[in-house]
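Inspection log for the structure reproduced underneath, given as structure tokens.
The values are calculated or read from the model by the stated rules, or taken from the named source; none is laboratory data. Since the structure is predicted, the reported quantities are computational estimates derived from the model, not experimental observations. Neighbour counts run over all protein chains shown; Cβ positions are idealised from the backbone, glycine included. Accessible surface areas use protein heavy atoms only, side chains included; no ligands, DNA or RNA. Shrake-Rupley method; radii C 1.70, N 1.55, O 1.52, S 1.80 Å.
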Amino acid sequence: MVAPCMVLYLAIIAGPILASLGIAFTNNDFRPNQEWGFIGFDNFKVIFSDPVFWLGFKNNMLVVALSVFGQIPLGLLLAYFLFRNMVKAPGFYQAMVFMPQVISTVVIGRIFQSFFDIRGAATGLVRLITNDPKFTFRWFLEPGQAMIPILIGMLFIYTGFYMLMFLANMQKLDGGIVEAASIDGASEMQIFARIIAPALSGIIIINSILAIAGSLKSFDLIYAMAPNDGKGLGNNNIVLATYMYHRGFKAYKMAFGSAVSVIIVSISLVLIAISNWAGKKLDPLQEA
């Protein structure tokens, strides 16, 4: 019964990963009549000596940090508001927070790009509030600020997913424990910190793994908000996935792109291992 699933997994997932690993150590770009062979770590040497790669790595770590320390805590907090009936019209509230998940990421990216453009709605809104006709949002043009609109867009899109995950698990908890704590005089902060959060430690770890994996392969939103050729100002928004796309597919250097993909997978595995280790250390059930 397992064999068909295993064959499908090997053909669609494991096979291409292993193929990319092998291609990364060659100069095979799949060009017609190309003579190719084994070149060892040459592709990796070029990657690690490229400052654009390190800029993409830094930007990707910002995305990972936002996902783990922004989307997950905010999703947990919003789920708690729903679980404790602390908002009016909870169905509408839940639908509005989750709605970005059912809208095309490319559409949302283009909306945010237009909103934070120099002549976009954000600039007009701030000018109206501050009465400063010269104010302009230049985030996309400033190297130190180019990722801010993208991070805001990611927070907007994916927080609802984690909220729903946490809410589904909160609804499985024994409501009597929470009510007993309330009767005994526990505050909402104490209930959240000492009952709800420890009980959800397992799903927090799972969501962290999903956030890390998703952050390292983020492409569609970033490319939609900052479509570029990976040169000049385009480097301000570059992450590892777009770096791989520009260097591998657009420049038609398949072996080089495969090497970048191997690095992305390796970084993902390391971060997931760290997340698992930290989760086990912080899990009260594991300590017990």
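Within the range 27-36, is there a residue that is closer than 30 Å to residue 196 by Cα and of a type outside the set (D, E, K, R)?
Scanning the range 27-36, I find no residue that is closer than 30 Å to residue 196 by Cα and of a type outside the set (D, E, K, R), so the answer is no.
If you take the residues of the range 187-210 that are within 20 Å of residue 86 (Cβ to Cβ) and polar (S, T, N, Q), which of them is surrounded by the fewest Cβ atoms within 10 Å (Cβ to Cβ)?
187
Considering only the range 134-186, state which residues are among the polar types (S, T, N, Q) and open to solvent by less than 50 Å² (accessible area, probe 1.4 Å). Show your work before the answer.
Here is the first cut: in the range 134-186, the ones among the polar types (S, T, N, Q) are 136, 145, 159, 169, 171, 182.
136, 159, 169, 182, listed by residue number.
Take the range 36-53 and flag every residue that is polar (S, T, N, Q) and surrounded by fewer than 16 Cβ atoms within 10 Å (Cβ to Cβ).
49
What number of residues in the range 22-35 are closer than 14 Å to residue 259 by Cβ and open to solvent by 20 Å² or more (accessible area, probe 1.4 Å)?
5
Return the residues of the range 101-120 that are under 15 Å from residue 161 (Cα atoms) and buried (at least 18 other Cβ atoms within 10 Å of the Cβ); say none if nothing qualifies.
Hit for the range 101-120 is 105, nothing else.
Note down all Cβ pairs under 9 Å where the first residue falls in the range 253-281 and is of a type in the set (S, T, N, Q), the second is open to solvent by 30 Å² or more (accessible area, probe 1.4 Å) and not in a helix (DSSP H, G or I), and they're at least six residues apart or on different chains.
258/25; 268/217
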